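What follows is a set of notes on a single structure, which appears directly below.
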Amino acid sequence: MPATEMDQPAEKRQRSDKPATSPAPLVSINPWYLTSDFAVPFREAFTSSLSSTYTHTSPSSDASGTIVAHPFHTAKLQNILPPAFLHALKQELTSLTWHERSNDLYTFHQTDDLALNPLTHIKALRDYLASDQFVTLMERLTGTQLARGHLDMAAQRYKKGNHLLCHDDDVHRGQMARRIAYIIYLVDEQWSEEDGGALGLYSNDSEGQPGEVVARLLPEFNSMGFFLTGLV
């Protein structure tokens, strides 16, 4: 008959009595971004009046953070997450139902809200982006206090001819207001400027209306672009 716990040899009982260890998380950010060597000068640059683009590259040259100074501070972190995780994430996203969204502002394809999606890698990314480690990092990099437990997350796919026109991402829900807009790029690793999809940054005229594109953030696999909203 199968052995019960009391029937097990003493050595085996001792091993099973050890406290269970938590499984390692599926995803976490490149640890260099968590260091003071990166975070402190990056925050100083992000919160200052930059006159030109700022870039800080890791000693191993496998990661870098860039801040576009004008027309408003927009940042990009490269090589932020494990590539193998992102490839698995792309496979899960591909399996979902995508809806065409189209109005006078945009035309693209989008998943449903991913807040409650149970697929392994989608859930792991959502949980990490909402984690105290990641939220604290974003506070540290931007100098902006953020609320915990409030995260919007969906996937968007832009096919040839799709677009998203100029907008400010200033979203309010009751007493809550979006403070950081972010994009995690899952484009092909061979993506180039000729493939399109750049995030255009517009200047403002004297009445605060958009003028012309004065800078562009190019899509790059395993990078995250972000900027503050409602405060600029």
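The values are calculated or read from the model by the stated rules, or taken from the named source; none is laboratory data. The structure presented is a predicted model; accordingly, all values stated were derived computationally and were not measured. When we count neighbours, we look across all protein chains shown, and the Cβ atoms used for this are built from the backbone with ideal geometry, even at glycine. We work out accessible area using only protein heavy atoms, side chains counted, and drop any ligands, DNA or RNA first. Shrake-Rupley method; radii C 1.70, N 1.55, O 1.52, S 1.80 Å.
Show me, for segment 121-135, the HN-Hα J-couplings you get by feeding each phi into the Karplus relation (A = 6.51, B = -1.76, C = 1.60, θ = phi - 60°), rounded to Hz, glycine and proline as x.
7, 5, 5, 5, 5, 4, 5, 6, 5, 8, 6, 5, 4, 6, 4
Show Ser61, Ser51, Ser203 ordered by accessible area, largest first, where the area counts protein heavy atoms only and the probe is 1.4 Å. Present the calculation step by step, with values, prior to reporting the outcome.
Working: Ser61 90, Ser51 115, Ser203 25 Å².
I get Ser51, Ser61, Ser203, largest accessible area first.
Relative contact order, percent, of segment 78-185 when contacts are C-alpha pairs under 8 Å separated by at least 6 residues? Please list the in-between numbers first.
Details: 95 pairs, mean separation 28.6, N = 108.
Relative CO of segment 78-185 lands at 26 percent.
Relative contact order for segment 118-232: what is it in percent, counting Cα pairs under 8 Å that are at least 6 residues apart? It would help to have the intermediate numbers written out before the result.
On the way: 116 pairs, mean separation 27.3, N = 115.
So the answer I get is 24 percent.
What is the gain in length, in nm to one decimal, between His109 and Ser206 on full extension, counting 0.36 nm per residue of separation less the C-alpha to C-alpha distance?
Values: separation 97, 0.36 × 97 = 34.92 nm, distance 3.46 nm.
That pair, His109 and Ser206, stretches by 31.5 nm at full extension.
Using a 1.4 Å probe and counting only protein heavy atoms, arrange Thr35, Thr53, Thr111 so the residue with the most accessible area comes first. Working shown, then result.
Working: Thr35 50, Thr53 85, Thr111 5 Å².
If we order Thr35, Thr53, Thr111 from most to least accessible, we get Thr53, Thr35, Thr111.
Report the net charge of residues surrounding Ser95, where surrounding means a beta-carbon distance below 15 angstrom and charges are Lys +1, Arg +1, Asp -1, Glu -1. Can you show the working numbers first?
Numbers: positive: Lys90, Lys123, Arg157; negative: Glu92, Asp112.
Around Ser95, the surrounding residues sum to +1.
So for Val187, Val27, what's the accessible-area order with a 1.4 Å probe, most first? Could you put the intermediate results ahead of the total?
Values: Val187 25, Val27 5 Å².
Most to least solvent-accessible, the answer reads Val187, Val27.
Solvent-accessible area of Arg178, probe 1.4 Å, all protein chains present, reported in Å² to the nearest ten, please.
Surface accessible to solvent at Arg178 totals approximately 60 Å².
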